[in-house]
Amino acid sequence: MSRPGQPGRPYMSQTLIDITDLGFAWPGQAELLDIPAFTLNSGETLFLKGPSGSGKTTLLGLLGGVQAPGRGHVRLLGQDLGALSSGARDRFRVDHTGYIFQQFNLLPFLSVRENVELPCRFSRLRAQRASQRHGSVSAAAVTLLGHLGLGEALLERRADALSIGQQQRVAAARALIGQPELLIADEPTSALDADARESFLRLLFGECRDAGTSLLFVSHDQSLAPLFDRSLSLLDLNRAARLLEA
Amino acid sequence: MHLLRLALASLANRRFTALLTVFAIAISVCLLLAVERVRTEARASFASTISGTDLIVGARSGSVNLLLYSVFRIGNATNNIRWESFEAIAQDKRVKWAIPISLGDSHKGYRVMGTSEAYFEHYRYGRAQPLKLAEGKPFADLFDVVLGAEVAEALKYKLGDHIVLAHGVSTVSLVQHDDKPFTVVGILERTGTPVDRTLHISLAGMEALHVDWQNGVPARGTGKVSADQARAMDLQPKAITAFLLGLNSKIATFALQRQINEYRSEPLLAVLPGVALQELWSLMGTAEKALFVVSLFVVLTGLIGMLTAILTSLNERRREMAILRSVGARPWHIGSLLVLEAFALAVAGAVLGLGLLYLGIAVSQGYVQANYGLYLPLALPSNYEWTLLGGILAAALLMGSVPAWRAYRQSLADGLSIRL
């Protein structure tokens, strides 16, 4: 199913995220998000420019099902998140979405391997997928870490014994374990220097492609945008943000 | 199971505070259990101070007072009872045996008790255990003395030693019966009762000590009676302090008690040892309960310390919670983590507390037995102690639900990303 308005991606046909007429406001405040339409296709990598104040955090919260939309619909894999209870949204999130944040993504008191395995402890679906593909959750963690350039010597180290760059790669492995359909990365490279940034992105793209995972990459660093399939600004997307700007 | 692993790993990351918390709980648990164990043992040992005696008879006063001076060697009799009264009652056909007791002298702070051979034969303590001689034999001669185990041990006396008794019962005795020394002929086995702290002599010996006394002072000069002269005299006592009765049939106890209480020729009081012990214990029970309540509060303090430690850690752990949320932990997982944490701290505290208790008992067992006559068993916790421990854990769970609720609310509000 090819959608109009998204040229150049005829082979990426399945819609992963589908937002229609989304509105959200915190209680007692003006509307923060007003997004008439937004889609992300399966396997697509999207650069979303999101300066502070653009409603970025709230949008990610809605996509993760932490909040429910005030009006309109957020569909992930065809499932309307607003129609689910908050517990079901939580379950749905962990089954289908991996996260990487700016920094401090890891639990410092667990080993690298335990950190990577965490999503499989909370999602049976992802544990199953990891086992199916790699034999066991543990093997999946080792393989992913290997692909991201982290050798076995680091596996049992405490997560906070690693450099920031290594930690971000551990976080990427954790977000990708069990092949979630969507990976949301929120400024994951802002703590890295320019060289590390590009190599990190290449590794991330490679792994996303292998796992068939779509990447929603939020950043304010426009220089990274050309590396992605598509690039959007949240300011263009969010009518409420445009009002705030004006 | 995995949540428990997470909770423990997170605790290990804060091991210094965690250890302090565990230690505070351990000390409070140890204190509570120790108080409880001493309480239980003290009550048991108290109740077994005297056994097999059906009635204690003395001059009319209060039952607790009578029990205190006749059995516990504490305090003094208000009055003596006449020998004739003792003889008359002892010869009643319902009476199986009678042990006369004559008090009033002491030796280096230990009470001296004048009694008869019936004492060694019929006196029972604990679970109807008879008195046994560790060494020597019962007194036979006028100036023989049989020592309680503690007296012999504390004063390092052995058979054949000569000792001088003192008039009166104050530790610093004013007048010594130094003209009539006694010979140690027997040492009793340890009983864990006041018997251990008593010197036993015959009634005649007691009489001989005081035969030349008049108006509470020893005779001087020609009035003095030497030890040898005393042997030739009539040493039948005219009065004793109290006596213990064993009856042929328990059924007769109340009838005889009433009869003694209504004894016409002098005012007497007969009490049932069990009832008097109960009465005495209920007096001490207040102190004992207060101790228990205090140790309960110490446990509460330990748990509040834990609550404080966990609550303080919550704010600095917001990121930890957000990370857990982002990898799929639901808010109730976060709440459970904190309850588990509280529970783990309390379990560790309880286990360590038990360890401390057993260590303490193992170390002090001998000392406590020797000095207080209390045998603290190195036994597994009793059902009651398990109940207490269970109560502590339940209280910890209850307290853990406070930070759990806060973390639950917090993680709902914070969502997945928190930047600190």
Any idea what the relative contact order of chain B is, in percent, if you count C-alpha pairs under 8 Å spaced at least 6 apart? 26 percent
Estimated dipole of region B:130-203 in Debye, rounded to 20 [Cβ of Lys and Arg +1, of Asp and Glu -1, Cα centre]: 140 debye
With labels modelled as points extended 7 Å from the Cα through the Cβ direction, what inter-label distance (nm, one decimal) is found for B:GLU153 paired with B:ARG15? 4.3 nm
Under the rule rounded for a/c under 1.5, else prolate if a/b exceeds b/c, else oblate, using alpha carbon gyration tensor axes a ≥ b ≥ c, region B:40-96 is classed as oblate
Report, by chain and number, residues whose modeled amide H sits under 5 Å from the one on B:TYR263, excluding near sequence neighbours (fewer than 5 apart, same chain). B:LEU268
Whole-Hz couplings from phi, Karplus 6.51/-1.76/1.60, listed for region A:108-115; x for Gly and Pro: x, 8, 9, 6, 4, 4, 4, 4
Unit charges at the beta carbon, dipole of region B:293-420: most positive-side option, B:THR387, B:VAL368, B:VAL402: B:VAL402
Looking at the protein assembly as shown, what % of its DSSP beta bridges pair antiparallel, to the nearest 5? 65 percent
Would you work out which of A:VAL66, A:LEU33, A:GLY178 lies farthest towards the positive end of the dipole of chain A? Charges go on Cβ: Lys and Arg +1, Asp and Glu -1. A:GLY178
Least to most buried among B:TYR375, B:TYR123, by other C-beta atoms within 10 Å and fewest first, runs B:TYR375, B:TYR123
Which cross-chain or sequence-distant (5 or more) residues have an amide H under 5 Å from the amide H of A:LEU33, H modelled 1.01 Å from N in plane? A:PHE24
Under a Cβ-only charge scheme (Lys and Arg +1, Asp and Glu -1), can you give me the dipole magnitude of the protein assembly as shown about the Cα centre, in debye to the nearest 20? 1180 debye
Using θ = phi - 60° and Karplus 6.51 cos²θ - 1.76 cosθ + 1.60, couplings along region B:353-367 (whole Hz; Gly, Pro as x): x, 4, x, 4, 4, 5, 4, x, 5, 4, 6, 9, 3, x, 4
Restricting to Cα pairs under 8 Å and 6 or more apart, the percent relative contact order of chain A works out to 28 percent
Formal net charge of residues neighbouring B:MET113 (Cβ-Cβ distance under 13 Å; K, R +1; D, E -1): +1
May I ask you to evaluate 6.51 cos²θ - 1.76 cosθ + 1.60, the Karplus curve with θ = phi - 60°, for each residue of region B:13-18 and list the ³J(HN,Hα) values in order in whole Hz, giving x for glycine and proline? 5, 10, 5, 5, 4, 4
Fewest first, what order do B:VAL184, A:VAL116 take by the number of other Cβ atoms within 10 Å? B:VAL184, A:VAL116
Those aspartates and glutamates that a straight Cα-Cα span of less than 19 Å connects to B:LYS238, excepting residues fewer than 8 apart in one chain: B:GLU84, B:GLU87, B:ASP105, B:GLU117, B:GLU207, B:ASP212, B:GLU266
Which values, in whole Å and largest first, are the semi-axes of the equivalent ellipsoid of region B:146-199 obtained as the square root of 5 times each eigenvalue of the Cα gyration tensor? 20, 14, 8
Along principal axes, Cα extents of region B:84-189, largest first, whole Å: 42, 30, 25
Region B:238-284 shape via C-alpha gyration tensor axes, a/c threshold 1.5: oblate
Value of [θ]222 nm, deg cm²/dmol, for chain B, DSSP H segments ≥ 4, -39500 (n - 2.57) each, nearest 500: -17500 deg cm²/dmol
Using the scaling law 2.2 N^0.38 Å as the reference, what is the normalised Cα Rg of chain B? 1.44
Identify the residues of region A:154-174 with backbone N under 20 Å of a label point that sits 7 angstrom from the Cα of A:ASP195 along the Cα-to-Cβ direction, or state none. A:162-170
Gyration tensor (alpha-carbon) shape descriptor, region A:32-109, a/c threshold 1.5: rounded
Over all residues in A:93-104, what is the mean tally of Cβ atoms on other chains that come within 10 Å of each residue's Cβ? 4
Among B:SER202, B:PHE243, B:ALA154, which residue has its Cα positioned farthest towards the positive end of the charge dipole of region B:153-280, with +1 placed on the Cβ of Lys and Arg, -1 on the Cβ of Asp and Glu, and the dipole taken about the Cα centre? B:PHE243
Peptide B:327-337 - average C-beta neighbours from other chains (10 Å radius): 5
Per-selection Kirkwood Rh - the protein assembly as shown (Cα, Å, 1 d.p.): 32.2 Å
Would you mind ranking B:MET233, B:MET399 so that the residue whose beta carbon has the fewest other beta carbons within 10 Å leads the list? B:MET233, B:MET399
To the nearest 20 debye, what charge dipole does chain B have about its Cα centre, counting +1 at the Cβ of each Lys and Arg and -1 at the Cβ of each Asp and Glu? 2000 debye
Roughly how many Å is it from the Cα centre of region A:181-213 to that of region A:86-157, as a whole number? 15 Å
Relative contact order for region B:99-221: what is it in percent, counting Cα pairs under 8 Å that are at least 6 residues apart? 34 percent
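Throughout, read-outs are computed from the coordinates displayed, never taken from laboratory work. Everything numeric in this text was worked out from a predicted model, so none of it was measured. So basically every Cβ, Gly included, is an ideal-geometry build from the backbone, and we count neighbours across all protein chains shown.
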